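Shown next, in structure tokens, is the structure this report addresses.
The values are calculated or read from the model by the stated rules, or taken from the named source; none is laboratory data. These numbers come from a predicted model, not from an experiment. Neighbour counts are summed over all protein chains in view; Cβ atoms, including those assigned to glycine, are modelled from backbone coordinates with ideal geometry.
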Amino acid sequence: DTAVSQTPKYLVTQMGNDKSIKCEQNLGHDTMYWYKQDSKKFLKIMFSYNNKELIINETVPNRFSPKSPDKAHLNLHINSLELGDSAVYFCASSQGWGDSYEQYFGPGTRLTVT
Amino acid sequence: TQLLEQSPQFLSIQEGENLTVYCNSSSVFSSLQWYRQEPGEGPVLLVTVVTGGEVKKLKRLTFQFGDARKDSSLHITAAQPGDTGLYLCAADVIMDSNYQLIWGAGTKLIIKP
């Protein structure tokens with residue numbers, strides 16, 4: 001059984017397009033996250049939602065808009081894609097937010113903008 | 001500024017050898033986590049250390065949290081090809097009143113058969 005799933009796994013698109021990545025967790029967790037991993041493998045938090053409410057919103061261009069329709073889903077919509085958006089995007093979830101909560105990661109979505 | 005520095009960035013050794021990778025910071029953390037990430041997959045938690053000086057063992061992997069809770073090490077004994085992967089350390093910090101997990105850049109480990 002997949003704990004945290006993301007779709008699509010690969011996404012190749014042209015500059016200027018709008019695209020969405022979907023994430024679902026079946027762990028009953030309250031908190032979900034979006035991370036960006038660049039070509040040097042550095043993971044950087046983008047957003048975090050707890051009980052459908054935004055709690056972390058890092059310095060991310062407002063072309064990126066997360067949406068959490070319910071606790072089990074956190075989707076990421078990206079407008080006007082740019083070359084620099086190419087990266088692997090990971091969704092994760094944890095039981096709560098705070099110290100020492102284990103985060104469970106999805107398999108990632110590799111976004112390539114041409 | 002990267003709060004967590006991992007070293008080495010890359011390590012390639014023969015099967016059966018021992019190795020140690022490090023995660024260092026000038027900041028004090030209440031806890032620190034180690035993850036392993038395999039190609040095409042997301043990171044998977046290996047261990048969380050919370051007490052200064054704590055040592056945790058996971059089969060051939062030994063994790064230690066520094067006494068001052070600023071650094072951690074991961075030692076692998078008799079490395080196996082299955083240990084190949086990207087090892088990431090991460091720590092909780094409070095930024096703008098919110099807990100946030102910050103990450104090191106990782107150590108890419110290759111174990112050659």
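Filtering the range B:68-112 down to residues that are assigned to a loop (DSSP other than H, G, I, E, B), modelled with pLDDT of 95 or more and surrounded by fewer than 16 Cβ atoms within 10 Å (Cβ to Cβ), which residue is nearest to the other protein chains (Cβ to nearest Cβ)?
Looking at the filtered set, the residue picked out is B:Q80.
Could you list, in sequence order, all residues of the range A:75-114 that are surrounded by 19 or more Cβ atoms within 10 Å (Cβ to Cβ) and part of a loop (DSSP other than H, G, I, E, B)?
Scanning the range A:75-114 gives A:L81, A:W97, A:Y101, A:Q103, A:G106, A:G108.
Can you confirm whether the range A:3-23 contains a residue that is within 13 Å of the chain's Cα centre (by Cα), part of a loop (DSSP other than H, G, I, E, B) and modelled with pLDDT of 90 or more?
We begin by selecting, within the range A:3-23, every residue within 13 Å of the chain's Cα centre (by Cα); these are A:4-9, A:19-23.
Narrowing further to those that are part of a loop (DSSP other than H, G, I, E, B): A:8-9.
Retained after the next criterion (residues that are modelled with pLDDT of 90 or more): A:8-9.
Yes.
Among the residues of the range A:35-54 satisfying the criterion of being under 14 Å from the mean Cα position of the chain (by Cα) and at the interface with chain B (Cβ under 8 Å from one of its Cβ atoms), which is farthest from B:A91 (Cα to Cα)?
Checked the range A:35-54; the qualifying residue farthest from B:A91 (Cα to Cα) is A:S48.
Exactly one condition in (1) among the aliphatic types (A, V, I, L, M); (2) more than 14 Å from chain B (Cβ to nearest Cβ); (3) surrounded by 18 or more Cβ atoms within 10 Å (Cβ to Cβ) is not met by A:M15; state its number.
(3)
Could you go through the range A:36-46 and let me know if any residue there is touching a Gly at 6+ places or on another chain (Cβ under 9 Å), hydrophobic (A, V, I, L, M, F, W, C) and assigned to a strand (DSSP E or B). Break it down into steps so the answer makes sense when it comes.
Let us first name the residues in the range A:36-46 that are touching a Gly at 6+ places or on another chain (Cβ under 9 Å), namely A:37, A:40-43.
Those left that are additionally hydrophobic (A, V, I, L, M, F, W, C): A:42-43.
Next cut, assigned to a strand (DSSP E or B) only: A:43.
Checked against the condition, which is being touching a Gly at 6+ places or on another chain (Cβ under 9 Å), hydrophobic (A, V, I, L, M, F, W, C) and assigned to a strand (DSSP E or B), the range A:36-46 yields at least one hit.
For the range B:47-63, how many residues are buried (at least 18 other Cβ atoms within 10 Å of the Cβ) and more than 9 Å from chain A (Cβ to nearest Cβ)? Can you show your working first?
From the range B:47-63, those buried (at least 18 other Cβ atoms within 10 Å of the Cβ) are B:47-49, B:54, B:61, B:63; that's our starting set.
Restricting the remaining residues to those that are more than 9 Å from chain A (Cβ to nearest Cβ) gives B:47, B:49, B:54, B:61, B:63.
Total satisfying the criteria: 5.
It is to be established whether one or more residues within the range B:29-45 are crowded, with 16+ Cβ neighbours inside 10 Å, in contact with a Lys or Arg (Cβ under 6 Å, 6 or more places away or on another chain), more than 10 Å from chain A (Cβ to nearest Cβ) and not β-branched (V, I, T).
No, every residue in the range B:29-45 fails to be crowded, with 16+ Cβ neighbours inside 10 Å, in contact with a Lys or Arg (Cβ under 6 Å, 6 or more places away or on another chain), more than 10 Å from chain A (Cβ to nearest Cβ) and not β-branched (V, I, T).
If you take the residues in the range A:60-114 that are more than 14 Å from A:G28 (Cα to Cα) and acidic (D, E), which one is nearest to the other protein chains (Cβ to nearest Cβ)?
A:D99
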